[in-house]
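These notes are about the structure you will find just below.
The values are calculated or read from the model by the stated rules, or taken from the named source; none is laboratory data. Just so it is clear, the structure is predicted and the values come from calculations on it, not from any experiment. Here the Cβ positions follow ideal geometry from the backbone for every residue, glycine too, while neighbour counts run over all protein chains shown.
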Amino acid sequence: MKRKIIKIDEDICNGCAICIEGCHEGALQMIDGKAVVISDLYCDGLGACIGECPVGAIELEEREATPYSEEAVMQRIASKGENVISAHLNHLKDHGEMELYQQGINYLKDNNINIPTTKQAKKSYLNKEPLLCGCPGTMAQSFKPVQVAIPGAIHRSELTQFPVQMHLLNPQSGYFHESDLLLAADCTAFASGEFHSRFLKGKSLAIACPKLDSKLDIYIDKLVMMIDEAKINTLTVLTMEVPCCNGLLSIALKARDKAIRNIPIKSIIITVKGEMKKEEWI
């Protein structure tokens with residue numbers, strides 16, 4: 001399956017090994033004087049090692065890779081001591097991966113291993129604290145819906161995560177686990193004044209444009225991972241009545257056909273004025 005994973009440019013890598021120290025999951029090793037990804041299984045794709053590299057030899061790429069396994073990582077690092085375990089758990093917290101964090105804690109409990117004290121998660125980019133792992137817009141964050149008071153009304157945002165654009169999403173992020181996913185065409189949030197209250201409430205979100213976005217096959221692969229790995233419960237596809245939106249439902253149906261699990265898909269079509277045109281389970 002396709003997912004984000006580390007790529008190392010061996011021509012640029014100077015063999016300093018600083019990234020090895022920063023990768024507590026054990027995905028990187030020094031081989032013949034160069035840093036090498038030894039197993040996709042251990043690479044969580046969050047990119048902490050990018051900020052450790054002094055020569056810019058590391059980047060994230062999206063490619064076919066073995067799914068990340070928190071259990072496999074915990075098995076690998078459990079014998080390395082409390083400091084390594086703590087650093088790994090803090091790493092998950094810093095990136096808002098609370099589902100993976102809990103999996104790590106459960107592994108320690110099940111194997112009677114002391115649970116180290118972990119710090120509070122770093123403040124997000126929205127709170128002005130700089131990040132060490134590339135573009136702040138790719139940092140997975142989950143949060144509670146926010147009410148914004150405006151004279152005469154209270155407007156509530158139902159968004160509980162960030163990012164939301166399909167190319168930026170990590171399908172293994174904890175906020176997708178057993179969620180109801182809304183796959184919305186970009187324009188729907190602007191056409192419908194009820195987008196948050198009627199369509200988004202209680203759901204995780206992914207947005208896309210089947211006409212303007214590139215590499216749509218990646219979207220299919222990500223949805224397959226959300227269905228099979230994150231085990232989303234339902235998938236609602238919200239589109240506009242215009243022809244260019246038709247491709248979004250097709251992407252969802254292709255993903256369900258390709259996935260092992262079979263989940264309900266609801267198609268909702270709204271007009272350019274934001275009115276309901278059609279709603280059906282498929």
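Residue 234 fulfils the conditions (1) at pLDDT 95 or above; (2) within 23 Å of the chain's Cα centre (by Cα); (3) over 30 Å from residue 69 (Cα atoms); (4) surrounded by fewer than 20 Cβ atoms within 10 Å (Cβ to Cβ) except for a single criterion, (3). Counting only residues that are farther than 14 Å from residue 186 by Cα, free of Cβ contacts under 8 Å to residues at least 40 places away in the same chain and crowded, with 18+ Cβ neighbours inside 10 Å, region 237-257 holds 2 of them.
Residues considered: 211, 215, 222. Of these, the only one that is in the same structural domain as residue 171 (by TED's automatic domain parsing) and buried (at least 22 other Cβ atoms within 10 Å of the Cβ) is 222. Remark: pairs (first residue in region 106-117, modelled with pLDDT under 90; second residue β-branched (Val, Ile, Thr); Cβ separation under 7 Å; 6+ apart in sequence or on different chains) = 115/105; 116/85. Pairs are defined by a Cβ separation below 6 Å, a sequence spacing of at least 6 or placement on different chains, a first member in region 24-37 that is at positive phi, and a second member that is surrounded by 14 or more Cβ atoms within 10 Å (Cβ to Cβ) and among the aromatic types (Phe, Trp, Tyr); the pairs so defined are 26/42. The conditions of being touching a Pro at 6+ places or on another chain (Cβ under 6 Å) and assigned to a helix (DSSP H, G or I) are not met by residue 79. Would you say residue 9 is among the charged types (D, E, K, R), surrounded by 21 or more Cβ atoms within 10 Å (Cβ to Cβ) and touching a residue at least 40 places away in the same chain (Cβ under 8 Å)? No.
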